[in-house]
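As structure tokens, the structure follows; a few thoughts come after it.
The values are calculated or read from the model by the stated rules, or taken from the named source; none is laboratory data. These numbers come from a predicted model, not from an experiment. No Cβ is skipped: glycine too gets one built from the backbone with ideal geometry, and neighbour counts run over all protein chains shown. The protein model used for the area step is the full one, side chains on, heavy atoms only, and it has no ligands, DNA or RNA in it. Shrake-Rupley method; radii C 1.70, N 1.55, O 1.52, S 1.80 Å.
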Amino acid sequence: METLIHHLECLKLCGEDTDDEKQILQSLNMVLLALDEDMQKSAKLLTDYNVLPSLAKILKASPTCAEKAAQVLAELAKNDDLQEQLVELDVISSLVRILTDFPDNDTLVRVDLLALSNLADLESAKEALSKTTVVGQLVKQLKKAESHERIEIIIEVLQMLAENDALKLQLVDSCVQEILCSILQRLQESSQAEDMCTMKSSSDLIVSLLLGDESMQKLFDSGRGIVYQNIPSWLTSQHTLLQMTGALAIANFARNDSNCVRMVQLGVVHQLLDLLELHVENGDVAVQHAALSALRNLAIPVMNKVQMLAEGVADRIQMLLRSEMPPVQFKLLGTLRMLTDGQADTARILGQDSKLLNRLVQWCEAKDHTGVRGEANRLLASLLRHSKSQDVVKAVQQAEGMKHLVSMTTSEHAIMQNEALIALAIASAINLAIVEETFKESELVSILQKILEDEAMGPEVKYNSLGLLCSIVDSDDLRKEMTVVNIKETLEKLCGHINNNVAKQANTVLQILANCSQNSGHFFA
């Protein structure tokens, strides 16, 4: 340890005068050996003897010693406690300068990259790097890199930089995407482990660049960007990795309506459906999940719904109904619900499809997968709400779906409660006779009373519950149940509710019930 201390003292002196390069190299070698033997103890000595500033000066002033100094810094940068100090000492600019001044010195560049990779995960380092030319230098290095090791470490550093919005934009402006697409194209016929690793890191970096709104928009460039241009070949690749990259790229490009409309015009929907068909039987769950996420995003703009439905998307997508994979089921249901939103014709067609309805009812009973169960219920409700069709009411009733919608009114999520209440009100208004028995068996009236009496329940849920009561009062049996539970008292209390809409609706239901009682010759107690 005394020997190490001696060399630390030498480095402090050499930091002031870097002419004695032989002594500097000898001391740096000793430090490297010490760090290798005991990182924590040696690193503490370096800080105790205030050697870090000297290392930064040597790195900056002595090209001959820069490699060893960078090695020491790379090792020290593995120590979480020292990373911030190194950034504060501005070693970042010195490391970037090495890439700029010695781009062809492979050994020095390799050590430099190691140091950067150990520091670049820090937010302060990213901030410092965003003010340098590091992105341009790294992209140049990536373009000429040949070995797997060099490519991997450069992409690793770039991946960390891509977490910063400013650096993400710099990466796109430096056209790193062109090099990444070139790497993927070059390796896509390979199945070697090293090549697959490089493809994975390249794909991950592309997806990272797409996560920023501004960088994503630059990459899309109205469908002219190189990433978008490569999507068809990725979707049809033999590698599920590239298929996933293509689907994720579309899903990310589809984060705004104008991009969605443009992509549907360019025919991307059927490319996704072709991919899904490849994975129907024992396919890759992650690829199906990504492709369905992309389709769902594409279906959000109204004009896209119309075009996608006209092109038979709803029919083709139903091939996935036989999937036993909950993540696929969940995304499939969400996509179908998005396609039917506001589309009466589609809701009428799908709402009479017995195969679909039977599968939905089966999924409504999926006890182990609450997400699938919730989405299945929501799609059932959506088919009734948007079709407003007597045939759909009959079909849903025949498939035994109504009881699930009654259960949905007790959901812990207000949005689902409201969707169920509105769907049931529409079904009752269209054909009360056909759903009446199910409502009795499911104790709908008691459920509605509990909702109305629950002080924690939101006004919208109460309002829609009152609307459903209005729709079912024409049923003698259901009206008798209202008498049994003394719903009149509940309604009278609600007439003084703080929410005017709830109060008015409660008063309306009371009047309707009073009229029904008079007309039937019974007094509503």
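Do you know which of the residues in the stretch 169-212 that are over 26 Å from the mean Cα position of the chain (by Cα) and among the charged types (D, E, K, R) is least open to solvent (accessible area, probe 1.4 Å)?
Per the criteria, the residue is D195.
Could you run through the stretch 263-299 and say how many residues are modelled with pLDDT under 90 and small (G, A, S)?
So the answer is 1.
Just to be sure, is D257 surrounded by fewer than 16 Cβ atoms within 10 Å (Cβ to Cβ), more than 28 Å from E324 (Cα to Cα) and over 17 Å from the mean Cα position of the chain (by Cα)?
Yes; evaluated as a whole, the condition is true for this residue.
Could you say whether any residue in the stretch 343-362 is of a type in the set (A, V, I, L, M, F, W, C), over 21 Å from G312 (Cα atoms) and at pLDDT 95 or above?
Within the stretch 343-362 (the criterion being of a type in the set (A, V, I, L, M, F, W, C), over 21 Å from G312 (Cα atoms) and at pLDDT 95 or above), the answer is yes, since at least one residue qualifies.
What tally of residues in the stretch 455-484 results from selecting those that are of a type in the set (D, E) and farther than 15 Å from T410 by Cα?
4
Taking the stretch 358-378 only, how many residues are under 12 Å from P326 (Cα atoms) and among the hydrophobic types (A, V, I, L, M, F, W, C)?
Total satisfying the criteria: 4.
Does S62 satisfy the condition of being of a type in the set (S, T, Y) and buried (at least 22 other Cβ atoms within 10 Å of the Cβ)?
Here the answer is no, as S62 does not meet what is asked.
State whether one or more residues within the stretch 221-234 are touching a Ser or Thr at 6+ places or on another chain (Cβ under 7 Å) and either under 25 Å from L278 (Cα atoms) or at pLDDT below 95 (or both).
yes
Please go through the stretch 326-335 and give me each residue that is hydrophobic (A, V, I, L, M, F, W, C) and either under 13 Å from L295 (Cβ atoms) or surrounded by fewer than 19 Cβ atoms within 10 Å (Cβ to Cβ) (or both), ordered by number.
Hits for the stretch 326-335 are V328, L332, L333.
Check the stretch 195-202 and report whether any residue there is outside any helix (DSSP H, G or I), hydrophobic (A, V, I, L, M, F, W, C) and either over 27 Å from L379 (Cβ atoms) or at pLDDT 95 or above (or both).
No, that holds for no residue.
Taking the stretch 376-394 as the search range and keeping residues that are within 18 Å of L336 (Cα to Cα) and open to solvent by 20 Å² or more (accessible area, probe 1.4 Å), which one is farthest from the chain's Cα centre (by Cα)?
Per the criteria, the residue is K388.
Only one of (1) more than 30 Å from L129 (Cα to Cα); (2) touching a residue at least 40 places away in the same chain (Cβ under 8 Å); (3) open to solvent by 10 Å² or more (accessible area, probe 1.4 Å); (4) assigned to a helix (DSSP H, G or I) is not met by S237, so which one is it?
Looking at each condition in turn, S237 falls short on (4).
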